[in-house]
Amino acid sequence: MEDQRAGGACLDSDITAQTDIQLQPQTSISSSVETLTRIKAGKVSKKKSRTSRASAETMAKQQREISISEFFARNRHLLGFDNKRKALLTSVKEAVDNALDACEEGGVFPEIYLEIKQLAEDRFRMICRDNGPGIVKAQIPNIFGKLLYGSKFHRLKMSRGQQGIGISAAGMYGLITTGKPVSIISRTGKGKPAHHYKLAIDTKKNKPDIIADKTVDVPWDRGTEIEIEMVASYNKGRQSVAEYIELTAIANPHTTIVFKGPDKKVVEYLRNVDELPEQTEEIKPHPHGVELGILMKMVKETSAKQLGAFLSGEFSRVSPKIAKEVCAKSGLTQRTWLQSVGPSDIEKIYNVLQETKLRAPSTNCLAPIGAEAILNGLLKGIKAEFYTASTRPPAVYRGNPFQIEVGMAFGGQLGSLDNNGNGDEKSKQPPTARVIRFANRVPLLYQQSGCCTFKSVVDTKWNNYGLSQSRSSLPQAPFVVLIHMASVWVPFTSESKEAIADYDEIRKEIKLGLSECGRRLGTYIRRKKKRSHFAQRRDVFHRYIHEIVESCRAMTVCNKDDLRNALSDLAARATEAADMEFDDHGKIIAKRKGSDSEMDNTIVLGESEQAPPGQMELFAGDDESVTERKVRAKKSKKKSKKSKGAKNAKPTGKKKKKRK
């Protein structure tokens, strides 16, 4: 019935439409005549425009200042809060980085407690506590409730934080998504009160809004605890909070981290180094890293009165002698008053500074991890067979000093098979190499393909070092490469600090570090292949020794045992490389003079401890040849006894002549 009604309605509408079409010419003519008469009579008014045009005065009233907090509240993806999973990771990252910086500057071994509680399906609470020097009461609201506020932006000194945005942005994200304020408790020492704040951020004014301020009792002597509730999601695996904590423990072996996840499981990463990183010192800007506009700004803001004092006092590597030469080439003197220096004079000074040869900036502002600490971190977090690390000498980009460190791990349990050698034919394919990236000891988990470190690894020709690699791809091998960049100013591609910009100087140093460690790895692989090759040759010799002895005995009179021993000794001398042994640093243990310096900063673990059976086929020849050799030796002894017994039982009666 409903279909019939719908069909009838459609028919009626079609009929009415046809009648309207037929009557349209008459109605249109009559209506047009009526409108003309009304227009002549002045009864019809012109239609008003829907939108009135803006004037300069009305546009001026709409102009207002945009707060930095309001900008990032709308563009929070620029700070790493793209999605729920990444938002939780970014918040944890900022809290842990601040805790590590505070503890290291305070001269204490960092002990960090991190807990993530799940309150609902997509509601989590992050708690991070450290044992640092704490924060004075007056600075707590500004540090956690104001964007672009900190002590690290204006100084040229290596640190994890740079911009003063991270932890306050995490609190702002929690406030936007849940409406809950940030909770902070800080204590500066034993016997001093612990101050508890609850803060919200006024995004229009970029100022903290204090909701609660009181004194509480805490069971710890000093440190800071922050608590943020947010809408997020917790996942395991790659690019997760657990992976970030694990990589942080590798790059910071002097740190103890206790992590408690939503599943209530507690994971502890204990420190295995008893030395803190060296304290870094702040340096002054280098002339080759300063642009013309920055130089003009420095001239206006300096406290120096004369040009010579300004050049030697505001820049690094500019001595009074060099300042005198720069002033002379610019047509000025050291005693020229800065008030009389115009923009054209500043441009001349800038050009002369760029042409002057200056020493590289001082490197006491950097605190690299160190080759030994990298090896300790790799041993703690990665189960492999071969480890090596290298620290490059300091270099400079845009006047900023930086240092590249590279670590590698190969073999062991990095393959696709388990410890028992189980797995199907598909899983026996070598896995793809993994790249672990760090910047100022902070793991970088996102935007890998856009990072300079990853591009350098792909561009390296790993086939020269014994690894299989396709064009424009990572090598196919059980292989992990770690790259760390330490600098006073890491050139990140965005405010979220997830990838390093591609500078020629940085890529050059990364490739040199990869080549240095790659040569050690290639040397180790070639030595292992050589040992396996000669072990297989020795196995072939021992396989046919018995037949050779029997053939020789059939042709002439000889002592088969002596001949067998002589041939075995000959095979051992010809395949001496099969007995090659390595120490814990991958160097050959041999009775010969000379050094094996190319294997420095290298650790090799016993194959029986780490390398699973079947993991590396080139290492499988030695044990098999030894066992087969023993079995064949037993069989040959039994055959020789039987042959002797048969000859004694059936004497021929003929006497053999003794040959002289």
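The values are calculated or read from the model by the stated rules, or taken from the named source; none is laboratory data. Worth saying up front: this structure is predicted, and the values here are computed from it rather than measured. No Cβ is skipped: glycine too gets one built from the backbone with ideal geometry, and neighbour counts run over all protein chains shown. Remember, those area values only see protein heavy atoms, side chains included, never the ligands or the DNA or RNA. Shrake-Rupley method; radii C 1.70, N 1.55, O 1.52, S 1.80 Å.
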Once both labels are modelled 7 Å past Cα along the beta-carbon direction, what's the L512-N364 spacing in nm?
2.4
Violations at 19 Å Cα threshold for listed pairs K117/K180; K461/K508; K86/K117; K84/K236; K137/K207; K86/K380 -> K86/K380
At a Förster distance of 60 Å, what's the computed FRET efficiency of L148 paired with R573, Cβ-Cβ distance as r, to 0.05?
0.25
Please compute the modelled spin-label separation between E547 and N75, points set 7 Å along Cα→Cβ, answer in nm with one decimal.
7.9
Cβ-placed point charges (K, R +1; D, E -1), dipole of the range 90-137 about Cα centre in debye, nearest 20
280
At 7 Å along the Cα-to-beta-carbon direction for both V218 and I66, put a label point, then send me their distance in nm to one decimal.
3.7
Lysine pairs, Cα distance under 21 Å, 8 or more residues apart or cross-chain: how many in the range 287-355?
12
What does the extension gain come out to for E243 and S472, with contour length at 0.36 nm per residue minus their alpha carbon separation?
79.8 nm
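Want the number for T432 to K117: 0.36 nm per residue separation, take away the alpha-carbon distance, what's left?
On the way: separation 315, 0.36 × 315 = 113.40 nm, distance 3.46 nm.
This chain segment gains 109.9 nm when fully extended.
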Counted charge near H484, where neighbours are those whose Cβ lies closer than 11 Å (Asp, Glu -1; Lys, Arg +1)
+2
If I stretch the segment between T333 and E505 completely, what's the gain in nm (0.36 nm per residue apart, minus their alpha carbon distance), one decimal?
58.4 nm
From highest to lowest solvent-accessible area (probe 1.4 Å; ligands, DNA and RNA excluded), K61, K214 read K61, K214
